[in-house]
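As structure tokens, the structure follows; a few thoughts come after it.
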């Protein structure tokens with residue numbers, strides 16, 4: 001990638017267009033997996049290409065190309081122009097280059113220890129030790145240790161002066177133990193599937209810390225075998241930050257994407273119960289609910305300086321004191337809807353056009369301690385680590401399941417519960433938010449796998465949250 | 001592309017040293033994507049992508065990698081050689097792997113299908129006008145897909161096909177929707193217009209005032225598209241032998257507790273329709289037909305060679321993930337024209353949405369009803385229903401509650417494009433259930 005002069009390629013394009021942009025992406029993803037003390041995968045997938053985007057007659061056209069040959073780039077630009085011209089007769093909106101503001105700057109993920117400083121052998125060795133540590137009982141039937149390392153560089157230049165370079169260093173890891181006792185099988189992971197995903201370096205693989213976590217994961221998987229089934233009732237529900245990750249993502253994030261509200265996604269993931277006129281008017285949750293879009297949080301998975309349309313990334317409140325104040329939409333959605341938005345016009349790679357995504361979407365801390373929250377509950381259930389998720393196409397009726405639960409009795413965590421699930425409807429659920437944990441209860445998580453769009457795109461999102469208490473929620477157990 | 005792939009691959013094989021072995025895969029697409037909203041164009045573009053993947057085996061160690069290739073043989077070989085050198089450095093540091101799948105030469109194959117795709121420049125003039133009276137959202141994906149495989153002991157496979165799909169939703173002013181997919185290898189404009197016309201007719205039914213139904217257990221018919229959504233779940237912790245062995249499969253109960261499903265339910269991995277290649281990333285060719293569930297009994301699972309080595313089983317050359325590549329559910333005896341009469345009073349579900357295991361080991365799946373779903377009374381459609389959440393076990397709806405299966409397995413094409421445009425689809429009939437749990 002270092003040898004590709006994107007500006008020179010842009011200067012060499014000769015087509016009639018109102019605007020041209022080139023976005024180059026190189027990304028390598030390395031997987032190292034140990035299962036049951038044997039190597040399961042050592043694999044690196046690298047992708048490298050360039051997206052040529054043109055604006056003609058108010059319509060954007062694109063061509064994602066797996067080559068940096070100037071002749072291929074020129075031919076692709078000509079075809080992108082042709083596509084845009086032909087489509088402009090049917091455009092849903094006539095855009096100008098104002099939706100691609102000139103952006104100049106750089107971004108680099110923070111990290112302490114670069115990926116190059118830990119060899120494949122050393123990382124396999126740490127994972128092997130972690131995998132062994134999970135083996136706390138003869139009831140453990142399967143164990144795995146997983147590492148995913150991403151090295152990504154993107155570069156965006158345009159005819160109206162953009163020149164952006166952003167480099168991401170991303171680490172995800174997970175340790176999983178599955179325990180079995182007759183027909184009962186229970187699995188425990190490291191905070192839910194790949195929730196531990198960060199912009200960070202190899203400092204994440206601290207051996208002592210990993211071994212400690214693995215022992216706890218193994219023990220909890222065995223503990224769940226003899227745990228009581230989660231009861232079926234409506235009660236107080238305390239969610240840990242690693243489950244709030246999913247709760248925020250599904251019932252706040254996707255519902256507030258402006259392109260979705262405008263109907264772009266109706267044939268795939270669906271629409272939204274939120275309407276354009278709800279911004280500034282809808283009481284989305286209780287007054288304790290404060291949601292921020294914040295791509296500036298250090299180490300959080302979806303931090304960056306500019307989105308893929310060139311909009312500068314800044315923190316904005318989306319829900320303030322429970323009131324819906326701003327949508328998740330980049331410059332194209334802001335122009336189409338007339339609403340204020342955020343810098344979230346993002347693509348998964350060089351071969352996909354940007355759409356509205358979430359980035360980091362967080363529940364801001366409140367002022368209650370962990371003990372305050374648990375102590376306030378006479379009878380209820382505490383749940384952590386997501387294992388099941390499903391929500392309707394309007395982002396209303398959801399059902400989520402967790403790996404691990406605890407009964408709360410008279411202000412104390414008591415019995416362990418297995419197969420904890422809950423279901424509710426988005427607005428009533430968030431309006432039942434009764435207590436929000438303070439900074440001490442705050443956890444930062446994310447997922448590399450948020451799917452959306454046609455053609456489909458998987459993208460990284462970050463979600464941070466304190467502990468949260470919801471009242472009168474329908475909970476239930478397993479089959 | 002085919003020659004380029006083999007040229008680069010053969011040059012790489014010549015670079016092997018000592019006891020090294022190499023398996024090489026190739027996947028490429030040349031695609032047009034047009035995204036629609038309001039029967040207008042939201043985004044339009046083209047994508048050329050190609051990936052060369054290698055697995056290097058050195059003694060008892062293995063590692064793999066993939067890179068983007070451009071079609072320029074010299075440049076691609078240079079990049080692939082760099083990747084091979086990286087793999088060689090990597091593999092020397094890794095622990096021994098007792099379950100390596102060595103490359104073999106069991107015979108080569110070549111399959112190529114050429115179609116008549118929508119004209120990439122003028123297709124909008126064909127696609128949009130039939131929707132002039134309705135709100136439509138969806139995507140056209142069209143172009144050529146290529147997959148190849150070769151190894152250092154001389155085996156070669158190639159599969160290439162032209163395909164298109166226009167996957168769309170029609171929406172009434174009251175936000176009721178109908179889903180349809182016009183897909184194939186030959187675009188026929190008259191056939192297309194008739195197809196769209198039928199989906200618009202179906203939309204008329206959605207104009208009726210909607211009915212809200214309460215949570216509870218209902219007699220239910222799930223049409224083929226909804227059944228396909230359920231069967232796709234089986235590729236995620238269902239059919240996989242490794243998942244069963246590791247306690248992560250909904251089929252564990254069938255294996256460990258000898259539980260049988262309904263005799264009316266039979267399911268197979270069946271490549272006879274020819275929509276996907278039979279070879280996997282190892283270059284192994286799966287049997288043309290493999291029965292998975294026969295009249296309710298689990299008779300086979302999907303077993304990759306790696307899993308076979310680990311658990312002392314016989315491989316049926318499944319993919320690495322041991323999911324379905326070409327699932328076919330057998331039809332039953334219920335005539336499609338008799339579905340409403342046989343349902344009597346209950347719920348007709350055309351599509352499901354956002355399925356997930358709510359208790360994987362228990363076989364319980366949750367999800368939503370979506371699109372053309374109706375309340376039926378005495379064999380007549382009364383009203384579309386407001387979307388409901390379901391949460392029920394496959395051991396119920398493919399077990400005692402499976403009352404009948406329609407007599408025609410329909411093709412539900414894969415339209416996914418995450419890793420690239422997918423091939424094939426799920427062939428399945430509709431199912432009539434004596435009870436189905438709607439929960440929210």
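Every read-out reported here was derived from the displayed coordinates using simple, explicitly stated rules and does not represent laboratory data. Computed from a prediction, not measured in an experiment: that's the story for all the values here. All Cβ positions, even for glycine, are placed from backbone atoms using ideal geometry, and neighbour counts span all protein chains on display.
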20 Å binning of all Cα-Cα separations within chain A, expressed as whole percents from 0 upward
23, 52, 23, 2
With each run of n ≥ 4 DSSP H residues scored as -39500 (n - 2.57), what mean residue ellipticity at 222 nm is computed for chain B after dividing by its residue count and rounding to the nearest 500 deg cm²/dmol?
-5500 deg cm²/dmol
Can you sort A:416, A:30 from fewest to most other Cβ atoms within 10 Å of each residue's own Cβ?
A:416, A:30
As I understand it, the value is the acute angle between the Cα axis of helix B:189-205 and the longest principal axis of the Cα atoms of chain B; what does it come to in degrees, rounded to 10?
40
Note: B:384-393 gets an average of partner chain Cβ contacts (10 Å, Cβ to Cβ) equal to 3
Report, as an integer, the average count of C-beta atoms from other chains found within 10 Å of each Cβ along A:42-52.
6
Convert 10 °C to kelvin, take the viscosity as 1.306 mPa s, use the Kirkwood radius over C-alpha pairs of the range B:286-330 as Rh, and evaluate the Stokes-Einstein diffusion coefficient in µm²/s, rounded to a whole number.
143
Run lengths n ≥ 4 of DSSP H only: what is the helix-derived mean residue ellipticity at 222 nm for chain A, with -39500 (n - 2.57) per run over all residues, to the nearest 500?
-5500 deg cm²/dmol
Could you work out the relative contact order of chain A, using alpha carbon pairs under 8 angstrom and six or more residues apart, expressed as a whole percent?
16
DSSP-defined beta bridges in chain A - what % are antiparallel, rounded to 5:
90
Along the three principal axes, how long is the range B:2-205 when you take its alpha carbons, biggest first, rounded to the nearest angstrom?
69, 32, 31
For chain B, averaging the sequence separation of alpha carbon pairs under 8 Å that lie six or more residues apart and dividing by its residue count, the contact order in percent is 15
Give the distance, in whole Å, between the Cα centre of the range B:142-212 and the Cα centre of the range A:451-469.
28
Principal-axis tilt of helix A:207-225 within chain A, Cα atoms, nearest 10 degrees:
60
If the viscosity is 1.306 mPa s and the temperature 10 °C, what translational diffusion coefficient in µm²/s does Stokes-Einstein give for the protein assembly as shown when Rh comes from Kirkwood over Cα pairs?
56
Mind running the shape call on chain B? Use the C-alpha gyration tensor, a ≥ b ≥ c as the square roots of the eigenvalues: rounded below 1.5 for a/c, prolate if a/b tops b/c, oblate otherwise.
oblate
Sorted by packing (mean other beta-carbon atoms within 10 Å per residue), highest first, where do A:299-311, B:228-240, A:208-220 land?
A:299-311, B:228-240, A:208-220
Over the range B:216-438: Kirkwood hydrodynamic radius from C-alpha pairwise inverse distances, Å:
17.8
When you count, for each residue, the other Cβ atoms within 10 Å and take the mean per peptide, how do B:336-345, B:413-422 rank with the highest first?
B:413-422, B:336-345
How large is the translational diffusion coefficient of the range A:6-226 in µm² per second when you combine the Kirkwood radius over alpha carbon pairs with Stokes-Einstein at 4 °C and 1.567 mPa s?
63
Normalised convex hull volume, the range A:1-72, alpha-carbon set, Å³ per residue:
101
Please average, across the residues of A:439-445, the number of beta carbons from any other chain that are within 10 Å of each residue's own beta carbon, and give a whole number.
0
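Beta carbons within 10 angstrom, averaged per residue: use that to sort the peptides A:348-356, A:130-138, highest first.
Packing proxy ranking, top to bottom: A:348-356, A:130-138.
Nearest 5 percent is fine: what portion of the DSSP beta bridges confined to the range A:6-226 is antiparallel?
Roughly 95 percent of the DSSP beta bridges within the range A:6-226 come out antiparallel.
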How big is the range B:137-207 in terms of Cα radius of gyration and Dmax, in angstroms?
18.4, 62
As a test, work out the antiparallel percent of DSSP beta bridges whose residues both lie in chain B, rounded to the nearest 5.
90
